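Visitor: Below you will find the structure I want to go over with you.
The values are calculated or read from the model by the stated rules, or taken from the named source; none is laboratory data. Predicted model, so just to flag it, every value in this text is computed and none were measured. Glycine gets a Cβ as well: all are built from the backbone with ideal geometry, and neighbour counts include every protein chain shown.
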Amino acid sequence: MPDVRLNWRSNDQKEKLESRKQIKDFPNDVLRNTNLLFYSDNLDVMDHLINTGFSRKIDLIYIDPPFYSNENYFLRRKNTQSIGFSDIWKGRISEYLEMIYPRLCAMHRLLSKSGSIFVHLDWHVVHYVKVIMDEIFKPENFRNEIIIKRGRRKNLLYQFKSLDRMHNSNDSILWYSKSPETRYPPPLVEYASASKWMGFWSNVDRPTLRYEIFGIVPERGQWKWSKARASKAIRNYHVYQRKHRFLSLDEYWSQTGRTLEFIRKRKGVKYPEYWIPAKSHKILDNIWTDIETYDYSTGYGTEKHVELLQRIIGKFSRPGNTVADFFCGSGTSLLVASRMNRHWIGCDSSSLAMKVSRKRLRGYNYRFLIRKAKPSRQGFRQAVSIS
Ligand SMILES: C[S@@+](CC[C@H](N)C(=O)[O-])C[C@H]1O[C@@H](n2cnc3c(N)ncnc32)[C@H](O)[C@@H]1O
């Protein structure tokens, strides 16, 4: 039995991927080294990929499925609009969970041993999907809930005299890996901050770090570094002051290999200070409000911004990796993957999504595959090959 399981009405009838009819006529060679765009229900596509040797071959999955928002989303062009896709669920939340569960199971099978999946949702169902993800991917593979800015929406709350809740201004992305061993280089982003001096005393209480410098031994709290490291930093600052004062400390630090640490004690200031060099980058945390997450360039109602996909694809995959988006909508992730030299697999069941995606992907190399006549799940035909 799994540790975590969310039970919902009729989940005993959950569509299990294993029991689905298998589609055999999808040519193996099509899968290899080719970008693939499927116009189809994604469960059929994933079933297909699994049965044609694609299990554990995808390095990064980003999905932005319907949010259970109870809204229709349109493709708006000039003066016309048509429904791009519907996010209205008659069977309420259990119907949504029945849809998402087998698809997440299939994605788990497709993800490589060192891969990651990013699931973009909002307050409507993110907490339900988190529990399902814990069941399928295991709690130890949960990495972060990433908080991003919500799309442009009117804050209607100004018209009321009293409120029952606050405005929701974030979406969430659940990041899971396939295995706990997965590691990435620290995700750095540009961030300019000048060098500065900070107090060397900290109120964290470790008696072993209460030693004497500049004639001071703290009675409580601690110095920030070990005695040996602090002594060296004090010496470094003496050397700078005695011999190199014609340079700024920033210049001296750059010319000496950007590794030296410094501690000083100023008259009238209670505690010594340590020097923090200027920074041009910082390591990302889970709050990504520094970038745009929605865009309105194609008219497709839920289009995500290339900045968001550049961050996910750029930080959590490498050139040559395979990236998949099984709810690709207007194709933002596929466009970014192409530009960043990743292989990709995209899928959407909306004809308008296909129209928009294909327009955006013009000039890039991929194969376009369509599921044959609707009720029969007999296979995919290759619609167009663009090279
Ligand atoms: C929120 S939108 C994705 C938007 C996309 N990230 C973008 O940048 O444009 C969700 C998409 O999922 C598609 N979708 C919903 N259910 C699907 C299914 N079972 N199979 C394939 N696509 C599906 C919808 O047609 C819609 O385009």
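Visitor: Pairs needed: first member in the stretch 169-184, farther than 16 Å from Ile146 by Cβ; second member anywhere, loosely packed, with under 13 Cβ neighbours inside 10 Å; C-beta distance under 7 Å; at least 6 residues apart or different chains.
Guide: Qualifying pairs under 7 Å: Lys178/Lys113; Ser179/Lys113; Pro180/Glu140.
Visitor: Given the criterion closer than 28 Å to Ile291 by Cα and either in contact with a helix residue (DSSP H, G or I) (Cβ under 8 Å, 6 or more places away or on another chain) or modelled with pLDDT of 95 or more (or both), identify the matching residue among Arg143, Arg150, Arg165.
Guide: Selected residue: Arg143, the only one of Arg143, Arg150, Arg165 that is closer than 28 Å to Ile291 by Cα and either in contact with a helix residue (DSSP H, G or I) (Cβ under 8 Å, 6 or more places away or on another chain) or modelled with pLDDT of 95 or more (or both).
Visitor: Considering only residues that are more than 12 Å from Tyr274 (Cβ to Cβ), touching a Leu at 6+ places or on another chain (Cβ under 9 Å) and among the hydroxyl-bearing types (Ser, Thr, Tyr), look in the stretch 204-246 and name the one that is surrounded by the most Cβ atoms within 10 Å (Cβ to Cβ).
Guide: Applying the filter and picking the extreme gives Tyr240.
Visitor: Out of curiosity, is Val269 β-branched (Val, Ile, Thr), out of contact with any helix residue (DSSP H, G or I) (no Cβ under 9 Å at 6 or more places or on another chain) and not in a loop (DSSP other than H, G, I, E, B)?
Guide: In short, no.
Visitor: Going by the conditions given, is Asn155 in contact (Cβ under 8 Å) with a residue 12 or more places away in the chain and over 13 Å from the mean Cα position of the chain (by Cα)?
Guide: Judged against the criteria, Asn155 is a match.
Visitor: Just to be sure I understand the filter: pairs with C-beta atoms under 7 Å, separated by 6 or more residues or on different chains, first member in the stretch 63-85 and away from the ligand (no atom under 14 Å from the Cβ), second member of a type in the set (Phe, Trp, Tyr) and modelled with pLDDT under 95. Which pairs pass?
Guide: Short answer, once both residue conditions are applied: Gln81/Phe74.
Visitor: Continuing with this model, one more query. Just the residues that are touching a Phe, Trp or Tyr at 6+ places or on another chain (Cβ under 9 Å) and within 12 Å of the ligand (Cβ to nearest atom), please, taken from the stretch 356-369.
Guide: Once the filter is applied, which keeps residues that are touching a Phe, Trp or Tyr at 6+ places or on another chain (Cβ under 9 Å) and within 12 Å of the ligand (Cβ to nearest atom), the stretch 356-369 yields Val356, Ser357.
Visitor: If you don't mind, there's one more thing I want to ask. For the stretch 254-262, indicate whether the set of residues that are touching a residue at least 60 places away in the same chain (Cβ under 8 Å) and over 22 Å from Leu188 (Cβ atoms) is non-empty.
Guide: No: zero hits.
Visitor: Just one of the numbered conditions (1) aliphatic (A, V, I, L, M); (2) exposed (fewer than 12 other Cβ atoms within 10 Å of the Cβ); (3) within 18 Å of the chain's Cα centre (by Cα) is not true of Leu188; which one?
Guide: Failing condition for Leu188: (2).
Visitor: Mind listing just one residue for me: the one in the stretch 272-293 that is crowded, with 17+ Cβ neighbours inside 10 Å and in contact with a helix residue (DSSP H, G or I) (Cβ under 9 Å, 6 or more places away or on another chain) and, of those, nearest to Tyr184 (Cα to Cα)?
Guide: Leu284
Visitor: Which of the residues belonging to the stretch 141-156 are surrounded by 12 or more Cβ atoms within 10 Å (Cβ to Cβ) and not β-branched (Val, Ile, Thr)?
Guide: Asn141, Phe142, Arg143, Asn144, Glu145, Lys149, Arg150, Gly151
Visitor: A further question follows. Residues being near the ligand (Cβ under 10 Å from one of its atoms) and within 17 Å of Leu361 (Cα to Cα): count how many of those fall in the stretch 298-345.
Guide: The total comes to 19.
Visitor: Right, something else. For the stretch 172-191, give me the residue count where each residue is farther than 17 Å from Leu284 by Cα and either in a strand (DSSP E or B) or not assigned by TED's automatic domain parsing to the domain that holds His124 (or both).
Guide: The qualifying residues number 1.
Visitor: Restricting attention to the stretch 294-319, which residues are over 19 Å from the mean Cα position of the chain (by Cα) and loosely packed, with under 14 Cβ neighbours inside 10 Å?
Guide: Once the filter is applied, which keeps residues that are over 19 Å from the mean Cα position of the chain (by Cα) and loosely packed, with under 14 Cβ neighbours inside 10 Å, the stretch 294-319 yields Tyr296, Ser297.
Visitor: So, restricting to helices (runs of 4 or more DSSP H) that lie completely within the stretch 25-143, which ones have at least 3 residues that are out of contact with any strand residue (DSSP E or B) (no Cβ under 9 Å at 6 or more places or on another chain)?
Guide: Where helices (runs of 4 or more DSSP H) fall fully within the stretch 25-143 and carry at least 3 residues being out of contact with any strand residue (DSSP E or B) (no Cβ under 9 Å at 6 or more places or on another chain), they are 42-51, 92-110, 126-137.
Visitor: Identify all residues within the stretch 117-156 that are among the hydroxyl-bearing types (Ser, Thr, Tyr) and closer than 19 Å to Phe316 by Cβ; write none if there are none.
Guide: Answer for the stretch 117-156, where residues must be among the hydroxyl-bearing types (Ser, Thr, Tyr) and closer than 19 Å to Phe316 by Cβ: there is none.
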